[in-house]
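**Student:** Submitted below is the structure of interest, expressed as structure tokens.
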Amino acid sequence: MLGLLFITFIIGRVMPVDPVLSIVGESASKETYDAAYKAIGLDKPLIVQFATYIWDVITGDFGVSLLNARPVADDIKRVFPATLELATLGTLIGVFVGVPLGVIAAVKRGSWIDQIARVLALVGYSMPIFWLGLVSLLIFYGILGWVGGPGRVGIFYVDIVPEVTGMILVDSLLDRNWDVFRDALSHIILPALLLGYYSLAYISRMTRSFMLEQLSSEYITTARVKGLSERAVIWRHALGNIKVQLITVIALSYAGLLEGSVLTEIIFAWPGIGSYITTALLSADMNAVMGGTVVVGLVFVCLNIFSDLLYKYFDPRAK
Amino acid sequence: MSQSEAQKQTLREWLLTDTPQSRHQARMVALYQGWLSFSTNTMAMFGLGILICLGLVALFAPLISPHDPFAQELGNRLQPLWSEGHVFGTDSLGRDILSRLIYGSRITLYIVALVALIAPVAGLLVGTVAGYSGGWLDVILMRITDIFLAFPRLVLALAFVAALGAGIENAVLAISLTAWPPYARIARAETLTIRNSDYISAVKLQGAGATRIVTKHIWPLCISSLIVRVTLDMAGIILAAAGLGFLGLGAQPPSPEWGAMISEGRRFILDHWWVATIPGLAIFTVSLAFNLLGDGLRDVLDPKDGGS
């Protein structure tokens, strides 16, 4: 955790953009420059600067955005629910399609289902996500008109439901506003399916290899000899045993979606943390970039810790 | 003809002998047998074929591309597919898309080759040093590796590019910086299993120093698992480079980088779909080829977890 902060700190310091110049401007006098230099604490030793930086992050202060002069932390709080909503839906799709697909592919090894799962995964690994996003937007929105276009909701539905969680689907449900819900759903479905496909590719492959390992072990034979139905053997015994490994995989892919959604968010003009970081990047707003990076990194680490905890909970041997 | 056939026969026999006469021959036998089992894998051979074609295209780009990739022809912009003289049409500045694709293959190969050189070598160094020396050096190096692993890759690469400035070289550097930790992990794991084996003790007794042991006796054994991993990672590298290019942080215009081409064509996607779609297909084909090749290589070099 400390190391993570250290890296963002170093990146922030080694960058060739002079932070003082960007505040006072090119034509500032030497005195103004020195004053600003002291004001942001650049005259102190690096270790002190680092300590200040850590303290700021702990207290939730990522500095002020150079672009709109608002605190970065507030901006992040505003955009994060959008990403969370998208990544959660994507992961749900990935889990509910990917796990059964992986199990069936393992049970019917070599069958056409297995081949299809294999091709799906291979294509998923090789396809540039931003390109697939563009093409699906072109087909389903541009040509067929089945789904809503870029953005989270249509222009008529903006700010209608009261904001509770910041996730529009949840908010409109809480408000029982079905029009907004339907519109938001039509906007989120395409990017969510896209992200879901990528996590599906990964989850189904991993499920398949875990299942193959279980199915070849002796207790499965015992269960079959005992006369258990094939369904009970596969879905209860074998799947029950890979639960722990699956949780790690799912947590990893969830974290991956929170990160990998950078490109998807840009294609679909989704106002989440990914597009926030990128916009900040393109306008050289370093405070916002570093703040966003730290938050994403923190989420990553937290998910890892969380999956470790679940691991301990589900696996009696790890206690 | 019979003579050449006989020669071929002997070469084959020489390559398949059970009793190699020299170290060189033994190595060749191992290589040839690996190649034989590899060449039965149709999908992997298919991937290899695509990549060889790509290499040739990149090598002979000036000879085969029908137009100058930078020549603008504003009267002839956004031509559709199969239009006269432009098989894949033209982009928003009237540049021939096919020629730009052909030249773009050079950039893609350049990025992939550089990253594939830098990241594994860095990982190998860190991993073997950490694994062989052990103690506090091991702890520190592995902690650093963990920190890099904990970071989401694309976001870290974005931050690096932001700090270093956009451009191909910086994109390569940023991708390498985010790609080396897994290699360090693998190399360390291999080193730990090798370190205490008898033959290492034997060379040690002969008076070999740590540097000699690591470079001459540990590195060669780590290579095969690293190669497999690199080939499987290549697709990811291509996708990352294209992603950076798409965001405008990789190769700068007017260079015909595939990701940047998609981002240029994105503005016209509804009316002129091919401008953005064709480069995407190129990226997809190449990374698919690398994935197929990587799968095949894993089956040959790494039988223990192959056979997916």
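The values are calculated or read from the model by the stated rules, or taken from the named source; none is laboratory data. Remember, it's a predicted structure, so these values are computed and weren't measured experimentally. Neighbour counts run over all protein chains shown; Cβ positions are idealised from the backbone, glycine included. Side chains included, ligands, DNA and RNA excluded: accessible areas come from the protein's heavy atoms. Shrake-Rupley method; radii C 1.70, N 1.55, O 1.52, S 1.80 Å.
**Student:** Is there a residue in the stretch B:189-205 that is open to solvent by less than 40 Å² (accessible area, probe 1.4 Å), away from every other protein chain (no Cβ under 14 Å) and acidic (Asp, Glu)?
**Tutor:** no
**Student:** How about the stretch A:244-263: which of its residues are facing chain B (nearest Cβ under 10 Å) and farther than 16 Å from residue A:204 by Cβ?
**Tutor:** A:255, A:258, A:259, A:260, A:261, A:262, A:263, listed by residue number.
**Student:** Another question, then. With the condition kept exactly as written, say whether any residue in the stretch A:260-271 is over 21 Å from residue A:128 (Cβ atoms), assigned to a helix (DSSP H, G or I) and touching a residue at least 40 places away in the same chain (Cβ under 8 Å).
**Tutor:** No; the residues of the stretch A:260-271 include none that is over 21 Å from residue A:128 (Cβ atoms), assigned to a helix (DSSP H, G or I) and touching a residue at least 40 places away in the same chain (Cβ under 8 Å).
**Student:** Please go through the stretch B:213-262 and give me each residue that is at the interface with chain A (Cβ under 10 Å from one of its Cβ atoms), farther than 30 Å from residue B:71 by Cβ and open to solvent by less than 20 Å² (accessible area, probe 1.4 Å), ordered by number.
**Tutor:** The answer is B:235, and nothing else.
**Student:** Working only within the stretch A:201-220, note down all residues that are away from every other protein chain (no Cβ under 14 Å) and open to solvent by 20 Å² or more (accessible area, probe 1.4 Å).
**Tutor:** A:214, A:215, A:217, A:218, A:219, listed by residue number.
**Student:** Are any of the residues in the stretch A:153-171 at pLDDT below 80, open to solvent by less than 60 Å² (accessible area, probe 1.4 Å) and closer than 24 Å to residue B:268 by Cα?
**Tutor:** Yes: one or more hits.
**Student:** Can you pull out every residue in the stretch A:299-311 that is open to solvent by 50 Å² or more (accessible area, probe 1.4 Å) and under 18 Å from residue A:76 (Cα atoms)?
**Tutor:** A:302
**Student:** Can you tell me which of (1) at pLDDT below 80; (2) surrounded by 13 or more Cβ atoms within 10 Å (Cβ to Cβ); (3) under 24 Å from residue B:88 (Cα atoms) is the one residue B:54 doesn't meet?
**Tutor:** (1)
**Student:** Let me ask something else. Of the residues A:120, A:134, A:89, A:101, only one is part of a helix (DSSP H, G or I), open to solvent by 30 Å² or more (accessible area, probe 1.4 Å) and within 25 Å of residue A:169 (Cα to Cα); which?
**Tutor:** Testing whether each residue is part of a helix (DSSP H, G or I), open to solvent by 30 Å² or more (accessible area, probe 1.4 Å) and within 25 Å of residue A:169 (Cα to Cα) leaves just A:89.
**Student:** Does residue B:166 fit the bill of being of a type outside the set (Phe, Trp, Tyr), modelled with pLDDT under 85 and crowded, with 24+ Cβ neighbours inside 10 Å?
**Tutor:** no
**Student:** Does the stretch A:310-319 include one or more residues that are of a type in the set (A, V, I, L, M, F, W, C) and in contact (Cβ under 8 Å) with a residue 40 or more places away in the chain?
**Tutor:** Within the stretch A:310-319, one or more residues are of a type in the set (A, V, I, L, M, F, W, C) and in contact (Cβ under 8 Å) with a residue 40 or more places away in the chain.
**Student:** Return only the number of the condition from (1) open to solvent by 30 Å² or more (accessible area, probe 1.4 Å); (2) assigned to a helix (DSSP H, G or I) that residue A:223 does not satisfy.
**Tutor:** Unmet condition: (1).
**Student:** Within the bounds of the stretch A:238-248, is there any residue that is of a type outside the set (Asp, Glu), within 21 Å of residue B:148 (Cβ to Cβ) and open to solvent by less than 60 Å² (accessible area, probe 1.4 Å)?
**Tutor:** The answer is yes, given that some residue of the stretch A:238-248 is of a type outside the set (Asp, Glu), within 21 Å of residue B:148 (Cβ to Cβ) and open to solvent by less than 60 Å² (accessible area, probe 1.4 Å).
**Student:** Identify, please: which residue in the stretch B:126-148 is open to solvent by 50 Å² or more (accessible area, probe 1.4 Å) and in contact (Cβ under 8 Å) with a residue 40 or more places away in the chain and is, among those, farthest from the chain's Cα centre (by Cα)?
**Tutor:** So the residue we want is B:133.
**Student:** Please go through the stretch B:263-294 and pick out each residue that is open to solvent by less than 20 Å² (accessible area, probe 1.4 Å), within 7 Å of chain A (Cβ to nearest Cβ) and over 23 Å from residue B:249 (Cα atoms).
**Tutor:** Matches in the stretch B:263-294: B:291 only.
**Student:** Related question: Looking for something in contact with a Phe, Trp or Tyr (Cβ under 9 Å, 6 or more places away or on another chain) and either of a type in the set (Val, Ile, Thr) or more than 11 Å from chain B (Cβ to nearest Cβ) (or both) - is there at least one such residue anywhere in the stretch A:268-275?
**Tutor:** Scanning the stretch A:268-275 turns up at least one residue that is in contact with a Phe, Trp or Tyr (Cβ under 9 Å, 6 or more places away or on another chain) and either of a type in the set (Val, Ile, Thr) or more than 11 Å from chain B (Cβ to nearest Cβ) (or both).
**Student:** Hey, any hits in the stretch A:43-65 for a residue that's at pLDDT 80 or above, among the small types (Gly, Ala, Ser) and touching a helix residue (DSSP H, G or I) at 6+ places or on another chain (Cβ under 6 Å)?
**Tutor:** Scanning the stretch A:43-65 turns up no residue that is at pLDDT 80 or above, among the small types (Gly, Ala, Ser) and touching a helix residue (DSSP H, G or I) at 6+ places or on another chain (Cβ under 6 Å).
**Student:** If you take just the helices (runs of 4 or more DSSP H) that sit entirely in the stretch B:91-188, which of them hold at least 2 residues that are in contact with a strand residue (DSSP E or B) (Cβ under 8 Å, 6 or more places away or on another chain) and more than 14 Å from chain A (Cβ to nearest Cβ)?
**Tutor:** It comes to B:97-133.
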